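Quick notes on the structure that follows.
The values are calculated or read from the model by the stated rules, or taken from the named source; none is laboratory data. Every value quoted in this text rests on a predicted model; they were computed, and no experiment measured them. For neighbour counting, all protein chains shown are included, and Cβ atoms are generated from backbone atoms with ideal geometry for every residue, glycine included. All accessible areas refer to the heavy atoms of the entire protein, side chains included, with ligands and DNA or RNA removed. Shrake-Rupley method; radii C 1.70, N 1.55, O 1.52, S 1.80 Å.
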Amino acid sequence: GLFVWHLRNTGIRQVPCQFVHLCRVANDRLVTFQYFNFLKRMYVTQYNKDLSQRAKPKSDSVASPFRELQQLDQEKKVIHKIRPISPVHQPLSETLSRNELREVKSAAETEGSVAPVRAESKEDRQWKEMKLRLDDLPGILARLSKIKLTALVVSTASAGFAMAPVPFDLTCFLLASLGTGLASCAANSINQFFEVPFDSNMNRTKNRPLVRGQISPLLAVCFAASCGVPGIALLTLGVNPLTGALGAFNIFLYTCCYTPMKRMSIANTWVGAVVGAIPPVMGWTAATGTLDAGALLLGGILYSWQFPHFNALSWGLREDYSRGGYCMMSVTHPGLCRRVALRHCLALIGLSTLAPVLDMTTWTFPVISLPINLYISYLAFRFYRDADRSSSRKLFFCSLWHLPMLLLVMFTCKKSLLDKEDKGDLLGGDHGRAMEIRLP
Amino acid sequence: PPAHSCNDWIGPPDKHSNLRPVIFYVPPEESPLERRLREARQEAQACNQRFWARHNRAFCQEKEEFIYSRLKAKGLEMRDETGQKATLNAEEMADFYKDFLSKNFRKHMQYNRDWYKRNFTITFLMGQVALARALRWLRWKKKNVGN
């Protein structure tokens with residue numbers, strides 16, 4: 001609901017041209033994000049950060065020749081040779097303006113022409129003592145564990161738990177969520193531990209704690225162990241062994257398969273999609289204790305969702321990936337990249353129709369979800385056909401609200417236990433009962 | 001970094017490699033284990049720096065060459081009337097990115113193996129040093145309590 005509310009504030013925004021003024025305002029960019037949907041912030045910040053990635057040294061006062069390639073609209077006005085890109089739709093105007101301020105800031109830094117320097121970048125240019133300060137530690141660990149991504153993972157696991165056709169057990173729910181969260185923290189920390197030099201070279205990831213030396217690798221590993229071991233133990237002992245096993249497997253898949261594979265083969269995307277699909281399955285098995293068709297369907301929905309989401313995102317990061325040595329479809333097999341995104345959007349429609357067949361939801365679900373699924377499929381088709389920056393961004397931002405909305409609709413259409421017992425009533429009383437938001 | 005500091009210092013990202021250099025503190029009574037750790041870290045740092053500086057420079061250079069050749073093929077100049085450098089759009093650059101990635105694949109594989117090995121060794125040594133220091137501190141504590 002929270003996601004949906006924020007994401008509803010749609011509108012096309014263009015950043016004003018007075019970027020000097022904007023640059024000053026941008027000084028408190030990070031703090032203002034607190035007000036917005038953290039999901040939006042995470043993705044938009046990260047995504048937009050890439051747009052001005054440059055291989056050329058930053059301190060060059062000569063305008064880096066090829067940064068134009070990554071520009072947003074306002075920089076178009078400054079540099080004339082760029083092919084016009086259609087205005088990017090940003091759901092939150094302030095998010096957009098803050099982000100584009102950063103873009104302009106980065107451009108300005110490169111040119112060395114605009115004086116105001118962001119507080120953070122000034123700090124960045126100083127030598128720092130590598131001593132761990134305890135009051136910084138929570139922030140550092142939050143960034144190490146990618147706390148926002150973890151929160152999203154936990155929410156998909158909760159969705160899995162909520163969709164399970166059993167009476168709701170609060171303790172089990174909390175234990176499962178906590179265990180999943182800890183496992184996710186551990187996996188993310190190990191991922192960052194493995195990727196330090198690569199993260200340094202990508203704009204999106206260069207402010208990570210290990211890259212900045214705010215924490216030692218040893219501490220990162222210890223943190224990962226101290227999250228992972230209790231997390232998995234909690235899942236195995238406090239919930240059930242199946243969930244624990246799935247959690248451990250997911251950590252392994254993410255850290256030992258996906259992370260190294262990113263640099264070896266494009267198949268990493270499929271492995272990554274499985275990693276994303278497992279948390280809701282874990283939520284389901286936490287509730288029911290068994291791995292049944294409903295769990296797999298939920299997993300399947302999340303698996304399919306990963307493709308439009310990631311492929312659209314990676315379309316704008318091709319330069320970074322190429323330079324960093326990452327094997328991604330968007331770089332090596334661009335046609336496949338777009339085809340797969342489209343294919344999986346269409347698969348989402350099919351999977352949504354499967355939900356009532358498996359008795360997970362009522363038939364209202366495929367009906368209500370059809371518009372959203374069709375919309376994302378349409379954007380995926382546009383991405384497939386146009387293969388440009390704007391269509392990839394549209395698809396990416398759509399995927400951000402598409403998933404929470406789909407899960408929410410699924411939950412509201414969940415077949416109540418009473419309905420299930422009283423099969424005869426299915427056709428009659430369904431619609432009335434199905435639309436209640438149930439938390440049994 | 002100040003002379004009296006007892007810690008390592010980390011600096012801003014290097015211009016070419018984007019990696020942050022670390023100046024290591026050498027304690028007066030550095031144990032052989034600690035020296036091994038420091039040397040391993042220094043070596044890794046030097047190796048990483050060499051690799052990425054060279055790699056990034058090659059990327060920039062090849063990118064320029066690619067753009068130049070493409071612009072030439074299109075019959076355009078490198079700079080337009082206002083003096084701004086001409087560029088190609090993302091779709092045209094995509095060919096270059098794909099090419100560059102596949103050309104450097106073997107290099108990256110070698111570097112990955114190297115990096116993972118070094119990373120594990122350094123972290124393991126860090127663990128050993130931390131353990132040794134902890135034991136030393138406990139022994140010192142016991143001695144002081146005894147006194």
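Numerical summary
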read-out	value
Contacts under 9 angstrom Cβ, first residue in the range B:109-136 being in contact (Cβ under 8 Å) with a residue 12 or more places away in the chain, partner of a type in the set (Ser, Thr, Tyr), 6 or more apart	B:Met126/A:Ser216; B:Val129/B:Ser31; B:Ala132/B:Ser31
Residue list for the range B:35-68, restricted to those being open to solvent by 30 Å² or more (accessible area, probe 1.4 Å), under 21 Å from A:Phe198 (Cα atoms) and among the basic types (Lys, Arg)	B:Arg41, B:Arg50, B:Arg54, B:Arg57
Candidate set from the range B:2-34 (those that are out of contact with any Lys or Arg (no Cβ under 9 Å at 6 or more places or on another chain) and within 23 Å of A:Val196 (Cα to Cα)); member that is most open to solvent (accessible area, probe 1.4 Å)	B:Ile23
Counted residues, the range A:338-381 - those being closer than 21 Å to A:Phe411 by Cβ and either open to solvent by 10 Å² or more (accessible area, probe 1.4 Å) or hydroxyl-bearing (Ser, Thr, Tyr) (or both)	23
Residue check for A:Ser399: among the hydroxyl-bearing types (Ser, Thr, Tyr), outside the structural domain of A:Pro197 (by the TED database), farther than 27 Å from A:Ala293 by Cβ and part of a helix (DSSP H, G or I)	no
Leading residue by the ranking (most open to solvent (accessible area, probe 1.4 Å)) among those in the range B:89-131 that are closer than 17 Å to A:Thr259 by Cα and within 9 Å of chain A (Cβ to nearest Cβ)	B:Phe105
Residue within the range A:387-394 that is of a type outside the set (Lys, Arg), without any contact (Cβ under 8 Å) to a residue 40 or more places away in the chain and open to solvent by 20 Å² or more (accessible area, probe 1.4 Å) present	no
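Yes/no matrix, rows are residues, columns are (1) of a type in the set (Lys, Arg); (2) at the interface with another protein chain (Cβ under 10 Å from one of its Cβ atoms):
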site: B:His4; (1), (2): no, no
site: B:Lys15; (1), (2): yes, yes
site: B:Val26; (1), (2): no, no
site: B:Arg38; (1), (2): yes, no
site: B:Ala46; (1), (2): no, no
